[in-house]
1. Among 155, 132, 194, 237, which is among the acidic types (Asp, Glu) and in contact with a helix residue (DSSP H, G or I) (Cβ under 6 Å, 6 or more places away or on another chain)?
2. Among the residues of the stretch 335-380, what is the count of those that are farther than 26 Å from residue 250 by Cβ, in contact (Cβ under 8 Å) with a residue 12 or more places away in the chain, part of a loop (DSSP other than H, G, I, E, B) and not polar (S, T, N, Q)?
3. State all residues of the stretch 131-166 that are closer than 13 Å to residue 181 by Cα and either small (Gly, Ala, Ser) or in contact with a Cys (Cβ under 7 Å, 6 or more places away or on another chain) (or both); if no residue qualifies, say none.
4. Condition test on residue 300, is it of a type outside the set (Lys, Arg) and more than 19 Å from residue 339 (Cα to Cα)?
5. Just for the stretch 360-402: of the residues that are at pLDDT below 90 and among the polar types (S, T, N, Q), which one is least open to solvent (accessible area, probe 1.4 Å)?
6. Answer yes or no as to whether residue 319 is within 15 Å of residue 267 (Cα to Cα) and surrounded by fewer than 22 Cβ atoms within 10 Å (Cβ to Cβ).
7. Please find, among 106, 97, the residue that is within 22 Å of residue 239 (Cα to Cα) and hydroxyl-bearing (Ser, Thr, Tyr).
8. Could you list, in sequence order, the residues of the stretch 123-138 that are free of Cβ contacts under 8 Å to residues at least 40 places away in the same chain and out of contact with any Pro (no Cβ under 7 Å at 6 or more places or on another chain)?
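The values are calculated or read from the model by the stated rules, or taken from the named source; none is laboratory data. Just so it is clear, the model here is predicted, and its values are computed rather than measured. Glycine gets a Cβ as well: all are built from the backbone with ideal geometry, and neighbour counts include every protein chain shown. These area figures cover heavy atoms from the full protein model, side chains too; ligands, DNA and RNA do not enter into them. Shrake-Rupley method; radii C 1.70, N 1.55, O 1.52, S 1.80 Å.
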Amino acid sequence: MSTPVTTPAFPAAPAAPPPAWIEIDLAALAGNHARLTRLMRVHNPAAEVAGVVKANGYGLGADLVGPALARAGAPALFVAHLAEGAALRQALAADPYQLQPARPVYVLNGIAEGEADDFLAFDLRPVLNGPDDLHRWTCAGRTRGRPLPAALHIDTGMSRLGFDEAGFATLAAHPSRLSGVDIRITMSHLACADDPAHPLNRRQLDRFRAVAAAIGRGRLSLANSSGLFLGPDFHFDLGRPGVALYGINPIPGRANPMAPVVHLKARVLQVRTIDSFESVGYGAAARARPGMRVATLAIGYADGWPWSAAGKGEVMIAGHRAPILGRVSMDLVTVDVSALPPSLIHGGAVAELIGGHRDIDALAEDAGTIGYEILTRLGRRYARRLVTSGQTQVYPIGVPTPQTEVDPAP
């Protein structure tokens, strides 16, 4: 007879502090939303700014930033996939300050065959990107005896998703085809908004105006983060910023008008003094000199710190700058702390990798990529903490921010 195996009882999670974490400033997030709203309302007092929280809230946690943006006044939220929408709806429902009526959640990638029941179960609205989406949502509404709310996406030059030119022409010639759905937003998406001089911006604007005149229903929405800075002609009724809300610069080449939302920190695991001309890290890519002091940080490319940024940039430790050395490992980064007072550098000291000294856009430039990718690739291993602007106190995840007045949702 075999002996039963006893499963040991372990605690739910270790009590030790995390080796690396992201501090998320929800007050700065709300401030960025307010700044973009003011920008739109200069010429249209009724304009509003939705919140795009796809890719798990651009890597920060949709369960945190989604409810925060709703409380800040975002009249609607956008995700990419059905599963993202379902998770966001659950987070909104769990928010201690959940708003009534609940904020609409739109799914940018549309509705696939067989998904209608799930859309309705989680109170989600598809963005209708073509005839198939329109047919599926029309049938779902017919089954339930009423037109169901949705957004209508017309492609004006991205050549990606949305009704193409022929599809738009069909809708313009036969607008009754939209009678089976309740269009709350008519939208398109700018391809080159981060380049104000690009001629496609004006062509897309002209095409969207034609869309609005022919079949525009509900609120009109064209501008993404950078599009909001192209001028009031691009604003219409509803802005749809994403990365600008999270502090990424929406106007490359000019001063960033957005407040930083993300601070990335990691603990020093070990400090050593090198007594000879040794190398540091994989590939012997960095050379040490006798007397150099090297600190190893608990962060690497598995956490989303880009391998391609090897040997570039610097971190801040106790208010002092420390250059990054050598290659980025899966779990570790090394920095030169030779110039820092020895009393400040020890195991357990905290290094700031993204923050006031170096923002996400600077890291992206070092890595040869864009801030979008850096932000969305921040790894799942990080603890996420909420902070208050200008304060050093760290709050546990889940502490709500104060409720604010909001406008009716579309």
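1. Details: 155 fails: in contact with a helix residue (DSSP H, G or I) (Cβ under 6 Å, 6 or more places away or on another chain); 132 fails: in contact with a helix residue (DSSP H, G or I) (Cβ under 6 Å, 6 or more places away or on another chain); 237 fails: in contact with a helix residue (DSSP H, G or I) (Cβ under 6 Å, 6 or more places away or on another chain).
Unique residue meeting the criteria: 194.
2. Applying the first criterion (farther than 26 Å from residue 250 by Cβ) to the stretch 335-380 yields 335-351, 380.
Filter once more, keeping what is in contact (Cβ under 8 Å) with a residue 12 or more places away in the chain: 335-342, 344-351.
Subset that is part of a loop (DSSP other than H, G, I, E, B): 337-341, 345-349.
Keeping just the survivors that are not polar (S, T, N, Q) gives 337, 339-341, 345-349.
Counting residues in the stretch 335-380 that are farther than 26 Å from residue 250 by Cβ, in contact (Cβ under 8 Å) with a residue 12 or more places away in the chain, part of a loop (DSSP other than H, G, I, E, B) and not polar (S, T, N, Q) gives 9.
3. Within the stretch 131-166, 140, 141, 145, 150, 151 qualify.
4. Details: of a type outside the set (Lys, Arg): yes; more than 19 Å from residue 339 (Cα to Cα): yes.
Against the criterion (of a type outside the set (Lys, Arg) and more than 19 Å from residue 339 (Cα to Cα)), residue 300 qualifies.
5. 401
6. On the way: within 15 Å of residue 267 (Cα to Cα): yes; surrounded by fewer than 22 Cβ atoms within 10 Å (Cβ to Cβ): yes.
Yes, satisfied.
7. Values: 97 fails: within 22 Å of residue 239 (Cα to Cα).
Result of the check over 106, 97: 106.
8. Quick first cut of the stretch 123-138, residues free of Cβ contacts under 8 Å to residues at least 40 places away in the same chain only: 123, 126, 129-133, 135-136.
Matches in the stretch 123-138: 123, 126, 129, 130, 131, 132, 135, 136.
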